[in-house]
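Here the structure is laid out as structure tokens; the discussion comes afterwards.
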Amino acid sequence: MTQLDARPAAAEPTVDDEDLIVAKKWHPWRWIVSVVVLVLVAQFVHGLATNPGWDWTTFAQYFTAASVMSALWLTIQLTFWGTLIGFAIGIGLAVARLSNNPVLQVISWFYIWAFRSIPLIVQLLFWFNIAYLYQTLTLGIPFGPAFFEFNVNNVISGSTAAIIGLALHQAAYSAEIVRAGIISVDQGQLEAAAALGIPKRREFFKIVLRQAMRGILPNAANEVISLFKGTSIVSVMAIAELFYQVQVIYGRNGRVVPLLMVATVWYIILTSVLSVVQFYVERHYAKGAVRTIPLTPIQKIRKRVAEITAPPRGGATR
């Protein structure tokens, strides 16, 4: 028989998890793809800088020209009023579709169906030529005497017709965005609010709307950006918005590419501004839905710089 050693074994040295060094995993294909993409991007940038066809001198000449800036301001106005009126009507249509009134349900459904079925350019041309159908507008008792009468050509100008067409078209899509956001809210929230005796108005604004906004905002922002770019369609109505004004200029001097780049860069700039606004609004309404609020780009840069400049921690491996 062997005698067991009763002496206790030597205790192994303990190492804190913070002192462990994590071995990095290499991804060769990731680096290869990154290098290929960077080479392609460098070639594209080199072409932008060296190809004389871009004619950056003409681009710089007209980028901030008075006529271009005036057209850009008109584009912003069309986008603003089209969005404001469109979403106002869209909210009403969404509420009507969700109501218990069958008449409002049918009318709102028919409106959405009709305006989503007709191309935007057709709607714009229809409103631009509305005077062919109605020469005058009257206000008074329905099917009765009229108190006021207006000439349509004096009331509905080209810009007004464009705003009406854009707003009514936008309302159909806005209604579905708002309706989808509202019905995405868990019905248990409404039942709990009703059990607590919370008034319907407060229930909608404090509970339903706050949660629905998280589903509404991304799609709504996409619609605003789409409307902003879609204002170029009103050029068929000879309205001097950005794209129409660029067409007029290159029709005179023949510099098509640089003038198109003028419109392109302005569209990119304003779309980027709208995207930044969208990010901060979504970040605001994300409170309470996620444990950690997404970092802003500046906060991400500061965090990355802090990680790079932080002194390395030494440690042991096991």
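The values are calculated or read from the model by the stated rules, or taken from the named source; none is laboratory data. Note that this is a predicted model, so its numbers are computed, not measured. Quick reminder, even Gly has a Cβ in these numbers, built from the backbone with ideal geometry, and neighbours come from all protein chains shown. Please note that ligands, DNA and RNA were not included when accessible areas were found on the heavy atoms of the full protein model with its side chains. Shrake-Rupley method; radii C 1.70, N 1.55, O 1.52, S 1.80 Å.
Over the chain, dividing the summed -39,500 (n - 2.57) contributions of all DSSP H runs of at least 4 residues by the number of residues returns a 222 nm mean residue ellipticity of -22000 deg cm²/dmol. For residue 58, the solvent-accessible surface with a 1.4 Å probe is about 20 Å², rounded to the nearest 10.
Taking the solvent-accessible surface of protein heavy atoms with a 1.4 Å probe, what is the per residue accessible area of segment 92-156 in Å²? Write down the numbers at each step before the final one.
Values: 4850 Å² over 65 residues.
Computed with neighbouring chains in place, this is 75 Å² per residue.
Measure off, as a whole percent, the carbon and sulfur share of the 1.4 Å-probe accessible area of the chain, all protein chains present. Roughly 65 percent of what the probe reaches on the chain is carbon or sulfur.
Listed values [x] 21.5, 77; [y] 23.5, 77; [z] 30.3, 123 include one computed from this model; for Rg and Dmax of the Cα atoms in Å that value carries the label [z]. Per-residue surface analysis assigns residue 120 an accessible area of about 30 Å², computed on protein heavy atoms at 1.4 Å probe radius.
Compared with the dominant Cα axis of the chain, that is its longest principal axis, helix 209-230 is turned about 60°.
Which FRET efficiency value, to the nearest 0.05, do you get for residue 268 and residue 303 by plugging their Cβ-Cβ distance into 1/(1 + (r/R0)^6) with R0 = 22 Å?
Working: r = 28 Å, r/R0 = 1.25.
Between residue 268 and residue 303 the formula returns 0.20.
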